[in-house]
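Every read-out reported here was derived from the displayed coordinates using simple, explicitly stated rules and does not represent laboratory data. On a predicted model such as this, the values are computed, not experimentally measured, just so you know. Quick reminder, even Gly has a Cβ in these numbers, built from the backbone with ideal geometry, and neighbours come from all protein chains shown.
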Amino acid sequence: MRLCDKEINIWLKKKKLIITPMPSKSSITGITVDVRLGNKFRTFNNEKKSFIDLSADKENIALEIKKNMSREIFVNNDNVFFISPKELILATTLEKFSIPDNLVGWLDGRSSLARLGLMIHATSHRVDPGWKGNIVLECFNSGNIKLALRPGMFIAALSFETLSQSVSHPYSSRNEAKYRNQKSVIISRINQD
């Protein structure tokens, strides 16, 4: 069952669900909490290599990903980050989340931005029970015009679904969790055990 706005506010008030900074009342509507764009970004350095072999051994994949990703880029609140047509970038949410073991989050883009070609998650829109940290967005400009992204702008919405009971292995307690307690734009950790 998805939480409605009244229930989201109760979970926040009781600190069962923690969002930092705390969203304003106007950011919680219907069944979602509006999520803002953070200040941290990464891009692909397309000029270095034309492909990454996803079937290679994990050390070579990690090396290729590092070679093909930019260092983390920090953008001040009064500046913009441009995303060109057909470009994929990674960015963080401004908000940090602590999701309890009996709740799952679902991240969705905003339709007003989607109508301009901006997608905010490639396929990973589930936020696991026990998640703690900022969410990394996989932003793709599917349109034909460059888009300016400003830190602090509303970029997505998060809804929450209750589970029948708490999970046995929440994300934050799993040793193999690749992105546990993420605060920055962590690059792909494909094939990591």
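Estimated from the Cβ-Cβ distance and a Förster radius of 25 angstrom, the FRET efficiency linking Arg115 and Ser24 is about 0.55. Ranked by how many other Cβ atoms sit within 10 Å of their own Cβ, fewest first, the residues Thr92, Thr29 fall in the order Thr29, Thr92. The amide H of Glu87, built 1.01 Å from its N in the peptide plane, has Asn141 as neighbours under 5 Å, considering only residues 5 or more places off or on other chains.
Given +1 at the Cβ of Lys and Arg, -1 at the Cβ of Asp and Glu and no other charges, the dipole of the chain around its Cα centre is 480 debye to the nearest 20. Charging the Cβ of each Asp and Glu at -1 and of each Lys and Arg at +1, and nothing else, the dipole of the stretch 26-112 about its Cα centre rounds to 240 debye.
Remark on Gly38: its backbone amide H falls under 5 Å from those of Thr92, Thr93, Leu94, Gly152, a criterion applied only to residues 5 or more positions apart or on other chains, H modelled at 1.01 Å from N.
What is the chain's relative contact order, in percent, from Cα pairs under 8 angstrom and six or more apart in sequence? The value is 29 percent.
Panel order for His169, His121, by other beta carbons found within 10 Å of each beta carbon, from fewest to most: His169, His121.
Adding -39500 (n - 2.57) for every DSSP H run of four residues or longer, then dividing by how many residues the chain holds, sets the calculated 222 nm ellipticity at -3500 deg cm²/dmol. Exposure proxy ranking for Cys139, Cys4, based on other Cβ atoms within 10 angstrom of each Cβ and starting from the fewest, stands as Cys4, Cys139.
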